[in-house]
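Heads up: the structure comes next, in structure tokens.
The values are calculated or read from the model by the stated rules, or taken from the named source; none is laboratory data. Source: prediction; values computed, not measured. Using ideal geometry, Cβ is built from the backbone for each residue, glycine included, and neighbour counts are taken over all protein chains shown. Only protein heavy atoms, including side chains, enter the accessible area calculation; ligands, DNA and RNA are left aside. Shrake-Rupley method; radii C 1.70, N 1.55, O 1.52, S 1.80 Å.
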Amino acid sequence: MACLGIDTSNYTTSAAVFDGETGINEGRLLEVPPGTLGLRQSDALFQHVKHLPGLFSSLRTQGLLHDIEAVGASTRPRAVEGSYMPCFLAGEGQGRTLADVLGVPFFPVSHQQGHLAAAAWSAGCLSLLDAPMLAWHLSGGTTELLHVIPEGGSVRAERIGGTSDLSAGQLIDRTGILLGLSFPAGKALDELSRQADPVQPYRVKCEDLTFSLSGMENQVKAMAAEKRAPAEIARFALETVSDVVRRVTVEAQNRYPGLAVLCSGGVASNTRLRYMLTEFCQARFAQPQYATDNAMGTAILAHRLLKRGGSAL
């Protein structure tokens, strides 16, 4: 029983097939002009429409598009009222069309739910989706600490903490652009930071599992104005993000004892963050290729919803 998943996020076009145990994801980053911090939604939507046929062709060439029994697509950023982003219309539109042509169910899910499913599967613990847990969604647009509970074959996530302003991914990308790196800057900033000696992180203030990173951006700009070494600035930024996320995670574990911690989203592929949360919080992480935006989680959820008789729309 194979299911097709589609995800058209702000910076990656993805299509994946999952058969209940194994899966293949095909993805392509959107093209962002050098020196800029992103794309207009209209430009992102246009690129998704162009990229999807090639991804489907690649899956077909690998012999994966036969006997598809359900199609899933991410239709919004988060499964909450008012969550909307035009770029998801590309995946939703093609997903609904394919489902109608094939005569199979279509399952809409959120981008965030897909991240959680891909993280659990790639970490080798898909069963995490069947019990309450804590989860971080750490990406370019989101830094949320979630209390996650099972809901049919999918999950329902309640935000209990995270940033009040700038996301961790935004801070990382802005730091990278400031240092002359390409967008998105996470991987390059990670590599650059490993060239620096250990540094003391900036002590970000936390209140009720919530924190602000806007002051940290000012610290980074000040260091750049002082002509500090790029590697030192990179390490300072990543050490600070890792430190505050670790402190909030520890506090959440005290409030929700016994719950596993799962980390998803592109920022969760950062090596320092992975070390800190694994060492101090026993957190589980998506494999790096499934931490970034992908359609695997969407395909996994479509498979689970189909198997458990979830409602298609």
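Residues in the stretch 280-313 that are part of a helix (DSSP H, G or I) and closer than 23 Å to residue 234 by Cα: 280, 288, 289, 291.
For the stretch 7-17, indicate whether the set of residues that are open to solvent by 60 Å² or more (accessible area, probe 1.4 Å) and more than 28 Å from residue 173 (Cα to Cα) is non-empty. Don't jump to the end; show me each part of the working.
Going through the stretch 7-17, the residues open to solvent by 60 Å² or more (accessible area, probe 1.4 Å) turn out to be none.
Checking the stretch 7-17: not a single residue is open to solvent by 60 Å² or more (accessible area, probe 1.4 Å) and more than 28 Å from residue 173 (Cα to Cα).
Residues of the stretch 112-145 that are in a loop (DSSP other than H, G, I, E, B) and either closer than 27 Å to residue 67 by Cβ or open to solvent by less than 50 Å² (accessible area, probe 1.4 Å) (or both): 123, 124, 125, 131, 139, 140, 142.
Hey, could you check the stretch 65-98 for residues that are among the small types (Gly, Ala, Ser) and under 19 Å from residue 22 (Cα atoms) and say which is surrounded by the fewest Cβ atoms within 10 Å (Cβ to Cβ)? Can you show your working first?
Step one: list which residues in the stretch 65-98 are among the small types (Gly, Ala, Ser), which gives 70, 72-74, 79, 82-83, 90-91, 93, 95.
Still in the running and under 19 Å from residue 22 (Cα atoms): 70, 72-73.
Working: 70: 25, 72: 36, 73: 31.
Among those that are among the small types (Gly, Ala, Ser) and under 19 Å from residue 22 (Cα atoms), it is 70.
Note on the stretch 256-313: among residues that are charged (D, E, K, R) and touching a residue at least 60 places away in the same chain (Cβ under 8 Å), the one that is surrounded by the most Cβ atoms within 10 Å (Cβ to Cβ) is 293.
Among the residues of the stretch 158-183, those that are under 14 Å from residue 210 (Cα atoms) and either in a helix (DSSP H, G or I) or of a type outside the set (Asp, Glu) (or both) comprise 159, 160, 161, 162, 163, 164, 166, 167, 168.
Determine, yes or no, whether residue 277 is among the aliphatic types (A, V, I, L, M), in a loop (DSSP other than H, G, I, E, B) and modelled with pLDDT of 95 or more.
Working: among the aliphatic types (A, V, I, L, M): yes; in a loop (DSSP other than H, G, I, E, B): no; modelled with pLDDT of 95 or more: yes.
Taking the combined requirement at face value, the residue does not satisfy it.
Would you confirm whether or not the stretch 50-64 contains a residue that is open to solvent by 50 Å² or more (accessible area, probe 1.4 Å) and of a type in the set (A, V, I, L, M, F, W, C)? So far as the stretch 50-64 goes, no, none of its residues is open to solvent by 50 Å² or more (accessible area, probe 1.4 Å) and of a type in the set (A, V, I, L, M, F, W, C). Restricting 104, 155, 109, 148 to residues that are in contact with a strand residue (DSSP E or B) (Cβ under 7 Å, 6 or more places away or on another chain), β-branched (Val, Ile, Thr), surrounded by 15 or more Cβ atoms within 10 Å (Cβ to Cβ) and not in a strand (DSSP E or B) narrows the list to 104.
Which residue is nearest to residue 179 (Cα to Cα), if the candidates are limited to the stretch 229-255 and must be of a type in the set (S, T, N, Q) and open to solvent by 10 Å² or more (accessible area, probe 1.4 Å)? Walk me through how you get there before you give the answer.
From the stretch 229-255, those of a type in the set (S, T, N, Q) are 240, 242, 249, 253-254; that's our starting set.
Pick out the ones that are also open to solvent by 10 Å² or more (accessible area, probe 1.4 Å) and you get 253-254.
On the way: 253: 35, 254: 38 Å.
My answer is 253.
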